[in-house]
Amino acid sequence: MQQISGLAVEIRRHVFGSREWFEQFVQTLNQDPEYQAASASWEDSVTVFVTDLPPPVREFVESDVVGVWFDLYHGRCRNFQLVKHPREKQASLTIYGSYEVVKKIALGLLSPTVAVLTGHVKVEGSLAKFLFNPAALSVASAFVEAVKKVPTMFLA
């Protein structure tokens, strides 16, 4: 429970990796002024795969991976789709990270840039565009900050 103006308010947490979590994330992203400003000229789709799921997460999502494709365009996520394989939806960038690494990033314990540079997160596609473009780094940073704003429950 959280106290707001003297009232006890229960915040509903969404299970990371669920459709409900991604719906909440897209809503958060689309209402986030920092993301909108950072990504005003961004026009690329991104697919994210979370791998090495612990057993409780695998059972919950009924899959060995959590994959989601995002249609990102000028400061908005126009659509998203849960996917099982990278070839399911075309994306400019595909990002892979283990559940533990993604959890650390989501909790603010690991920088996404450090995770990429140390090989804990793999990026396929236009890696040069991602790593050497200050705008892309700003978009990635704002994207991760939006992740942190979603009330999240991690099953493991």
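The values are calculated or read from the model by the stated rules, or taken from the named source; none is laboratory data. None of these values were measured; they are calculated from a predicted model. Glycine also receives a Cβ, built like all others from the backbone with ideal geometry; neighbour counts cover every protein chain displayed.
Would you check if there is a residue in region 95-110 being polar (S, T, N, Q) and modelled with pLDDT of 95 or more? Within region 95-110 (the criterion being polar (S, T, N, Q) and modelled with pLDDT of 95 or more), the answer is yes, since at least one residue qualifies.
Residue check: is Leu82 more than 20 Å from Val139 (Cβ to Cβ) and not acidic (Asp, Glu)? Show your work before the answer.
Working: more than 20 Å from Val139 (Cβ to Cβ): yes; not acidic (Asp, Glu): yes.
Yes, satisfied.
The conditions of being out of contact with any Ser or Thr (no Cβ under 6 Å at 6 or more places or on another chain) and small (Gly, Ala, Ser) are not met by Ala91. Applying the criterion of being without any contact (Cβ under 8 Å) to a residue 40 or more places away in the chain and over 14 Å from Gln90 (Cβ atoms) to the residues of region 47-72, the residue that is surrounded by the fewest Cβ atoms within 10 Å (Cβ to Cβ) is Glu62.
Among residues belonging to region 26-49 that are modelled with pLDDT of 95 or more and part of a strand (DSSP E or B), point out the one that is nearest to the chain's Cα centre (by Cα). Checked region 26-49; the qualifying residue nearest to the chain's Cα centre (by Cα) is Val48.
Which of the residues belonging to region 127-156 are at pLDDT 90 or above and surrounded by 15 or more Cβ atoms within 10 Å (Cβ to Cβ)?
Taking region 127-156 as the starting set, the residues that turn out to be at pLDDT 90 or above are 142-156.
Listed by number, the residues that qualify are Ala142, Phe143, Val144, Glu145, Ala146, Val147, Lys149, Val150, Thr152, Phe154, Leu155.
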